1. Applying the selection to segment 39-64, what residues are without any contact (Cβ under 8 Å) to a residue 12 or more places away in the chain and either surrounded by fewer than 12 Cβ atoms within 10 Å (Cβ to Cβ) or assigned to a helix (DSSP H, G or I) (or both)?
2. The conditions are (1) of a type outside the set (Lys, Arg); (2) exposed (fewer than 14 other Cβ atoms within 10 Å of the Cβ); (3) not in a loop (DSSP other than H, G, I, E, B), and Phe31 fails exactly one of them. Which is it?
3. What are the pairs, 6+ residues apart or on separate chains, where a residue within segment 1-30 that is without any contact (Cβ under 8 Å) to a residue 40 or more places away in the chain has its Cβ under 8 Å from a residue that is charged (D, E, K, R)?
4. Please determine, by comparing only the residues of segment 8-49 that are under 19 Å from Pro64 (Cβ atoms) and of a type in the set (Ser, Thr, Tyr), which one is modelled with the lowest pLDDT.
5. Evaluate the following for Ala69: is it more than 20 Å from Ser5 (Cβ to Cβ), of a type in the set (A, V, I, L, M, F, W, C) and loosely packed, with under 10 Cβ neighbours inside 10 Å?
6. Among the residues of segment 6-18, how many are surrounded by 14 or more Cβ atoms within 10 Å (Cβ to Cβ) and closer than 15 Å to Leu36 by Cα?
Amino acid sequence: MHVTSKPIIEDCKTLLFAPYGYTYEGVEAHFVEAKLDRQTNFWDQVEDFKWLKQTKSPNWDILPEEQRAASWEH
């Protein structure tokens, strides 16, 4: 995902997150149109309303790179 503010979860478990990686012709124009800054991305700074401790919530993790889609074509 690509987000310009910290994502928030609540009442969730075993979520995995990865940065937005889909590319196609015109993707840059779509980012501009959506007013998404490519330089600002908080995809890995998830806040959990059910985990208020200073440590990272056990309810989510980062999807390992080797498990991320290398291609979106079928």
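The values are calculated or read from the model by the stated rules, or taken from the named source; none is laboratory data. As the structure is a prediction and not an experimental result, all values here were calculated from the model. Cβ: placed from backbone, ideal geometry, glycine included. Neighbour counts: every protein chain shown.
1. Gln39, Leu52, Lys53, Gln54, Thr55, Pro58, Pro64
2. Answer for Phe31: the failing condition is (2).
3. Between residues of segment 1-30 that are without any contact (Cβ under 8 Å) to a residue 40 or more places away in the chain and residues that are charged (D, E, K, R), the close pairs are Thr4/Asp37; Asp11/Lys50; Pro19/Asp44; Glu28/Arg38.
4. Tyr22
5. Details: more than 20 Å from Ser5 (Cβ to Cβ): yes; of a type in the set (A, V, I, L, M, F, W, C): yes; loosely packed, with under 10 Cβ neighbours inside 10 Å: no.
No; evaluated as a whole, the condition is false for this residue.
6. 1
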